[in-house]
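For reference, the structure discussed in these notes is given below.
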Amino acid sequence: MIWGGSRGARVTSGGFGYNLLMRFLFAVIPLLVASLAPAQEPVYAVTHIDLMPANVTAGVAAMKQFAAETTKEKSCVRFEILQQDGRPNHLTLVGVWKDQRAFDAHDSAPYTREFCEKMQPLIGSPWDERLHKLIR
């Protein structure tokens, strides 16, 4: 097959020009497609949990187990449990996932739902979970 006009250079399917053109297209098209895709930003989840004072030991143990399961996720970048100084029943979970899809998978995982159910009788007020994005 021949492309081009009757005069000048011709590009044939078996020729050097065709191969050069195809290599260029195979190099450039993936870059163009990647630049059109939305950027996948990390998701930061900050959850404040207030335990009833009598439930601190059981609540912290449940959080440690939850953290151990969460950090096994391939898309979990980091997960920490923080305890407020002077108020041991006030805790904060800080998690970072590679993107929104990863966080959504974590949030709908059976062990996450089990953790929420286990924590419900231990808390003194509804917990406060908020998602954040890094400012660059």
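Assorted remarks:
- Between region 109-134 and region 46-93, the alpha-carbon center distance in angstrom: 10 Å
- Solvent-accessible area per residue in region 34-136 equals 66 Å², computed with a 1.4 angstrom probe and all protein chains kept.
- Qualifying GluC sites (Glu not before Pro) in region 58-136, where qualification requires a DSSP coil assignment and no more than 10 other C-beta atoms within 10 Å, are lacking entirely.
- Model label zone, Gln40; criterion: amide N under 20 Å from point 7 Å along Cα-to-beta-carbon; scope region 105-122: 105-109
- Label point distance in nm, Gln100-Arg78, each placed 7 Å from Cα along Cα→Cβ: 2.3 nm
The values are calculated or read from the model by the stated rules, or taken from the named source; none is laboratory data. Computed from a prediction, not measured in an experiment: that's the story for all the values here. Please note: Cβ atoms are built from the backbone with ideal geometry, for glycine as well, and neighbour counts cover all protein chains shown. Note: accessible area is taken over every heavy atom of the protein model, side chains too, but ligands, DNA and RNA are not part of it. Shrake-Rupley method; radii C 1.70, N 1.55, O 1.52, S 1.80 Å.
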